Amino acid sequence: EFRRVLFRSGPITTMALVPYLYKSLPFDVEKDFIPISQASLARGALMINPGVPAATLKELIELGKKRPLNVGTVGVGSNYHLFAAWFSQITGLQLNYIHYNTTGPAQDLVGGRLDFVIDGFSVNGANIRAGKVRALAQAGRTRQAMYQDVPTFAEAGIADFEPYSWTGFFAPSGTPMPIVNQLSEAFAKVIKSPEVADQYRIGGTDAVGNTPAEFAAFVKAEQAKWSKVIRAAGVTLEQ
């Protein structure tokens, strides 16, 4: 039975962003896939160049009310673009979006050509430790173990702002639930193993490994959240 089942790894972009960036797709994320287990949850963090005159998130917002802030993304409709759009909706700030198709945002943030990015720790961790980039806030109800000195967005004054990237495993629609449950248990065992969990942690990412029901509820909440953000931002990838 296991050999007859195909499964795929689904990131936030495919399962929670793309469905609302295009009017039509050759697949339906709600009907064509069954969530098996979530693999990872990467916390987005708001990071600035040390030359930006803001020691806290509150001070950055105040600065943004005085002049437009330049924010870097990895392309229109990317999760980093939508993180910033959501931040703009919550704070009321008008942002200048600088879109890259490479790792340019991280380089230009260090170079001072950008005011901030909302990105993962894995990309910017080395620059944070070297003092080339300063993290003002991070997603999560609690602080990530590797970055205990960085407050959560709630602690920094913005409640309910949780910019996460994530990945998980999905089975085709129609896969028998006993098989889905067996796959979920197998994936969770690997994901939560010390070897794998430690690798995630070092990169500033949380290992998850939850049940199909838990992952399904998470995906549904993410889809509801991002559909609203994308509609409010008016972002589309339609030609």
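What follows draws every value from the coordinates through simple rules; no lab data is involved. As the structure is a prediction and not an experimental result, all values here were calculated from the model. Cβ atoms come from the backbone with ideal geometry, glycine included; neighbour counts cover every protein chain shown.
Brief remarks follow.
- Percent antiparallel among DSSP beta bridges (both partners in the range 31-154, rounded to 5): 55 percent
- Net length gained if the chain between Tyr22 and Arg201 were fully extended (0.36 nm per residue, minus Cα distance): 61.1 nm
- Calculated over the range 123-201, the projected area of the Cα convex hull averaged across directions stands at 7.3 nm².
- Nearest-0.05 FRET efficiency for Ala221 and Glu59, computed from C-beta distance (R0 22 Å): 0.10
- Assigned charges on the beta-carbon of Lys, Arg, Asp, Glu; the chain dipole about Cα centre (debye): 260 debye
- Cα centroid separation, the range 21-93 to the range 96-143: 12 Å.
- With the simple spin-label model, which puts each label point 7 Å out from Cα in the Cβ direction, the Glu238 to Val76 separation comes to 1.3 nm.
- One quarter of the surface of the convex hull around the alpha-carbon atoms of the chain equals 13.4 nm², the direction-averaged projected area.
- At full extension, Gln182 and Gln89 could sit 29.4 nm farther apart than now, given 0.36 nm per residue minus the alpha carbon distance.
- Note on the chain: with a GNM built from Cα contacts shorter than 10 Å, the maximum mean-square fluctuation among Asn101, Asn124, Asn70 falls on Asn101.
- Cα shape, the range 5-115, gyration tensor, a/c 1.5 rule: prolate
- Summarising the label geometry, the points placed 7 Å from Cα in the beta-carbon direction at Ser173 and Gln148 lie 4.8 nm from one another.
- Pairs over the 25 Å Cα-Cα cut-off, from the set Lys65/Lys220; Lys192/Lys228; Lys23/Lys220; Lys31/Lys225; Lys189/Lys225; Lys23/Lys225: Lys65/Lys220; Lys192/Lys228; Lys189/Lys225.
- Gaussian network model of the chain, springs between alpha carbon atoms under 10 Å - residue of Ile36, Ile202, Ile48 with greatest fluctuation: Ile202
- A Gaussian network model of the chain, with springs between Cα atoms under 10 Å, assigns the largest mean-square fluctuation among Leu25, Leu114, Leu69 to Leu25.
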